[in-house]
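Just below is one structure, and these are the notes that go with it.
The values are calculated or read from the model by the stated rules, or taken from the named source; none is laboratory data. Since the model is a prediction, treat every value here as computed from it, not as a measurement. Positions of Cβ are backbone-derived with ideal geometry, glycine not excepted, and every protein chain shown enters the neighbour counts. When the accessible area is computed, the model is the full protein with side chains, heavy atoms only, and any ligands, DNA or RNA have been set aside. Shrake-Rupley method; radii C 1.70, N 1.55, O 1.52, S 1.80 Å.
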Amino acid sequence: MSRWSSIASRAAGKWQLPALGLSLVALPLSVALLRPNPLTMPLDKAEQTLETLNETGAYDYARQLGSAILERKDCTGPVAAPFHLHLARAHYGAAVAEGRRTANASKTVVHHFRQAAANGAMPTADDLVSLGHALDWGGQYNLALESYEQALQNGYRHAGELRKRIIVLQRDELGATPETLDALVDELMSMTGPARPESDSSVSIDNSELFMWAVEEKLFLLDDLGRLHEADELLTEFSRQIDDSSGEAGFKGANAPAAFHFDYLRAWVLYHTGAYTEAEAALRVLRNRLEPEDPLSAKAGWLLGRVVLFDDGPQRPMEAISFFRNVLAHHATGLYAVACRLGAAEALAYMRQDREAIDQYRAAIAELPALERGRVINRGAVRASLMIQAERHRQGGHLAAALGYAELAAGLVDSSRTEQAVAHFQQLAMVQSQYAQELRRQAADSHLPHDPAAYPDSPTKFERIQAEVTPDWREMFVAAARTYKRLAELDVHNERRSTEAAWLSAEMIGRAGRRQKAIELYEQFVRERPQNALVPRALLRIGQLHQSAGRFAEAVQSYQACYRQFPKTLDGIRTLVPMAHAYVAMGPENLELAEKTLRIVLEESDVFTPEAPEFGDALFLQGDVLARRGEFERAIAVLHEAIDRYPSDSRVWRARYLVADCYRQSALALTREASEARFEGEIDQIRTESQARFASARSLYRELIDEYDARGVSRLSELERTYLRHSHLYEADCLFESQEYREAARLYEDAAGMFKDIPASLSAYVQMIHCHVFLGEPRQARTALARARVVLDRMDPEAFTASVSPESKSDWAQYFNWLADAELF
């Protein structure tokens with residue numbers, strides 16, 4: 001392509017060329033129509049025919065004929081060598097013509113070249129270059145390099161172009177050091193520059209593009225080597241050499257004079273040395289001297305856009321976009337068109353026009369396969385740009401946009417390069433997990449926790465809450481889990497990072513609510529890494545997942561296994577409180593086991609002090625367990641200790657409610673005990689104590705009511721509203737049990753108003769009726785009954801389904817009818 005302009009000028013006006021073109025087009029058709037049977041064709045004629053077909057580009061016919069010839073019994077060993085060679089050329093030509101530079105095409109071409117060589121056919125220098133290209137397609141870069149070097153030794157006629165390809169291969173695929181590349185570039189410049197020996201015919205006459213490419217590559221290398229200060233002297237020397245040579249007529253760029261190219265390179269140096277103002281001024285002058293269609297104008301416009309976008313002053317993304325779009329208006333394709341699309345994408349991203357930015361990134365990525373490898377724009381540059389945008393947006397809290405950039409970069413990752421892939425997938429997983437957490441936060445009701453551990457005794461409640469929120473965050477956690485799993489499999493040679501990724505994969509799946517899959521991943525972790533320090537935590541997680549699913553027996557089994565195997569580790573001891581929760585959820589028959597488990601934390605553990613969160617968890621839960629077991633005195637003492645130790649803990653409200661309830665329940669127990677006592681003195685003592693406890697309970701209920709009212713009912717959680725309603729009802733019960741019927745009736749009235757839409761209000765009306773009966777007020781009792789029947793009639797039957805009481809609406813109606821007919825008052 002670099003010599004096409006000179007060929008075109010020489011061919012102008014020659015009538016023989018169109019005729020030649022027509023004949024070349026007609027030749028494959030004539031061959032196809034007249035070709036003899038390959039089974040009977042003489043081998044020498046078959047070889048000549050294959051050579052003709054390849055020369056005319058009839059690669060399909062050549063492949064068909066060559067394959068058929070190789071199947072003949074008389075075509076083996078050295079006889080088959082030239083046919084393998086022609087077939088390799090045919091497959092290579094077809095792959096290039098059709099744009100199929102793939103690993104499969106590589107395998108076929110390389111196979112036939114190697115068979116040809118193995119049987120004695122000597123490849124030409126052109127064959128060696130084709131073999132190198134095929135090896136390059138298949139990722140066999142060292143072998144490709146050997147083939148290129150051998151082609152040079154065999155006198156390949158386009159040595160300059162091939163040396164450029166060797167430099168690119170060494171740089172981009174083989175990781176050559178800057179020092180090695182510097183020597184190779186110096187060699188290419190000496191071959192192609194104006195000062196090369198006149199006798200050197202190893203490069204084409206029109207070699208200015210190769211020379212300018214080498215000079216530009218030299219600047220990049222000087223930058224890599226920290227020697228960019230040498231650039232001015234180098235560019236000045238090259239300019240002098242061009243001026244002293246045959247002049248611009250003999251040494252020119254594609255369009256612009258060589259001097260303009262050096263002006264561009266000086267501006268490039270200014271930009272890379274931080275002289276942004278000078279670089280911008282130089283580029284503006286240069287662009288004014290160039291035609292917009294000139295390829296150098298595209299380079300200058302691209303660099304000017306980058307200077308404007310990335311200088312050390314205020315960023316000017318809109319101005320940068322104008323330069324990039326101007327280039328694209330005159331250069332729709334090619335290296336600098338793609339580079340300008342990337343620049344426009346970066347500018348749009350800085351302006352937070354993320355959708356348009358991602359569209360520009362996609363357009364640039366789509367054009368990458370058609371480009372020659374280069375420093376200005378390549379998969380690595382686009383991937384790095386996307387990763388920078390992903391990280392910038394992640395740190396700015398723009399997680400949806402960050403995810404878009406990170407996911408787009410995924411298609412540019414080379415998984416065979418472990419470190420590169422690991423760096424990308426770590427960033428992608430981090431963005432996915434953070435975005436999942438943000439989605440969950442947005443979807444969640446601000447006052448309802450969304451952690452299963454918050455509802456250890458009621459997993460169904462957690463399920464109900466989860467069902468009320470959008471599922472998007474779950475899928476994002478699953479995506480993060482997949483990325484972490486891929487990381488774990490990719491980074492197997494780094495045990496620490498692989499283990500961390502495997503662990504986080506299980507964590508993300510657990511957060512997505514896929515409990516069974518998370519359990520499987522944690523169990524796999526334990527099996528594959530039995531000595532890892534995270535094993536006790538994995539067992540703890542397994543227990544928590546079983547518990548959140550309502551499988552309390554399985555949870556206890558996992559907690560016990562963890563505690564038995566790792567009793568001295570923090571995670572091993574941390575199983576005790578959730579184990580006690582699981583025992584509580586398993587029913588009253590397991591309350592003793594729950595208490596014993598909690599005593600280990602509170603009395604025997606050397607790890608948990610009162611400052612530890614687990615100690616507080618155990619103390620509050622022990623008070624609850626003792627209250628459930630009816631050990632009210634011990635429960636009151638434990639709950640008071642919890643309230644005193646942790647006054648700002650959110651569980652203090654429930655603890656205070658439980659203390660009041662323990663006083664009430666113990667007073668009721670004493671009342672029952674008094675009814676069974678035989679001695680008058682004993683009865684009086686029990687009754688006195690019972691009344692004192694009712695008074696304490698009533699006082700505590702009143703304190704709670706007043707504090708809840710002061711906070712405002714609308715600001716209370718549903719659980720706090722439940723405590724408030726029951727405090728009203730139980731305060732009235734305490735007054736009733738203390739035979740203060742007048743005050744009790746008033747409080748039952750208040751409670752009925754609070755409970756008006758639920759069956760509990762009917763219990764308040766029943767107690768009001770009892771109060772009026774004991775007060776000798778039958779008319780008021782009948783009025784309360786009538787009001788109760790009206791409330792019952794208006795009440796939704798569904799309210800009784802949701803109630804913990806077993807009575808249905810019809811049961812209540814039957815009871816009230818019986819009261820009305822019994823004429824008891």
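Observations on the structure shown:
- Yes/no for Ala402 being of a type in the set (A, V, I, L, M), assigned to a helix (DSSP H, G or I) and free of Cβ contacts under 8 Å to residues at least 60 places away in the same chain: yes
- One residue stands out in the range 717-751 among those that are in contact with a Phe, Trp or Tyr (Cβ under 6 Å, 6 or more places away or on another chain) and open to solvent by less than 30 Å² (accessible area, probe 1.4 Å): the one that is farthest from Ser803 (Cα to Cα), namely Ser738.
- Cβ-Cβ distances below 7 Å connect the following pairs, each with a first residue in the range 89-104 that is closer than 15 Å to Asp136 by Cα and of a type in the set (A, V, I, L, M, F, W, C), a second residue that is part of a loop (DSSP other than H, G, I, E, B) and open to solvent by 70 Å² or more (accessible area, probe 1.4 Å), and a separation of six or more residues or different chains: Ala95/Arg101.
- Residues of the range 314-336 that are small (Gly, Ala, Ser) and surrounded by 22 or more Cβ atoms within 10 Å (Cβ to Cβ): Ala320 alone.
- Qualifying positions in the range 477-491 - closer than 17 Å to Lys517 by Cα, buried (at least 21 other Cβ atoms within 10 Å of the Cβ) and not aliphatic (A, V, I, L, M): Phe477, Thr483, Tyr484
- Selection count where residues are of a type in the set (Gly, Ala, Ser), touching a residue at least 24 places away in the same chain (Cβ under 8 Å) and either buried (at least 17 other Cβ atoms within 10 Å of the Cβ) or more than 18 Å from Arg599 (Cα to Cα) (or both), scope the range 622-671: 9
- The residue that is surrounded by the fewest Cβ atoms within 10 Å (Cβ to Cβ), among those in the range 759-782 that are over 14 Å from Arg746 (Cα atoms) and either of a type in the set (Lys, Arg) or touching a His at 6+ places or on another chain (Cβ under 9 Å) (or both), is Arg779.
- Residues that are over 21 Å from Ser727 (Cβ atoms) and among the aromatic types (Phe, Trp, Tyr) occur at least once in the range 801-815.
- Restricting attention to the range 65-85, the residues being open to solvent by 10 Å² or more (accessible area, probe 1.4 Å) and under 12 Å from Asn54 (Cα atoms) number 2.
- Checking Ala409, Ala423 one by one, the residue that is crowded, with 20+ Cβ neighbours inside 10 Å, at pLDDT 90 or above and either in contact with a Cys (Cβ under 8 Å, 6 or more places away or on another chain) or of a type in the set (A, V, I, L, M, F, W, C) (or both) is Ala409 and no other.
- Within the range 577-606, residues that are among the basic types (Lys, Arg) reach partners that are open to solvent by less than 30 Å² (accessible area, probe 1.4 Å) with beta carbons closer than 8 Å, at six or more positions or on different chains, in the pairs Arg599/Gln622.
- Failed item, numbered, when Glu291 is tested on (1) loosely packed, with under 15 Cβ neighbours inside 10 Å; (2) charged (D, E, K, R); (3) closer than 19 Å to Glu216 by Cα: (3)
- Residues of the range 136-184 classified as among the polar types (S, T, N, Q), over 23 Å from Ala381 (Cβ atoms) and either assigned to a helix (DSSP H, G or I) or open to solvent by less than 40 Å² (accessible area, probe 1.4 Å) (or both), total: 4
- Residue list for the range 535-548, filter: open to solvent by 40 Å² or more (accessible area, probe 1.4 Å) and farther than 17 Å from Ala594 by Cβ: Arg537, Arg541
- Only listed residue being part of a loop (DSSP other than H, G, I, E, B) and open to solvent by less than 20 Å² (accessible area, probe 1.4 Å), chosen from Ala121, Ala116, Ala105: Ala121
- In the set (1) at pLDDT below 90; (2) among the acidic types (Asp, Glu); (3) in a helix (DSSP H, G or I), Asp206 fails one condition alone, (3).
- Residues that are in contact with an Asp or Glu (Cβ under 6 Å, 6 or more places away or on another chain) and in contact (Cβ under 8 Å) with a residue 24 or more places away in the chain, drawn from the range 268-323: His272, Tyr276, Leu286, Val307, Val308
- In the range 124-134, the residues that are surrounded by 19 or more Cβ atoms within 10 Å (Cβ to Cβ) and closer than 26 Å to Thr76 by Cβ: Asp127, Leu128, Ser130, Leu131, Ala134
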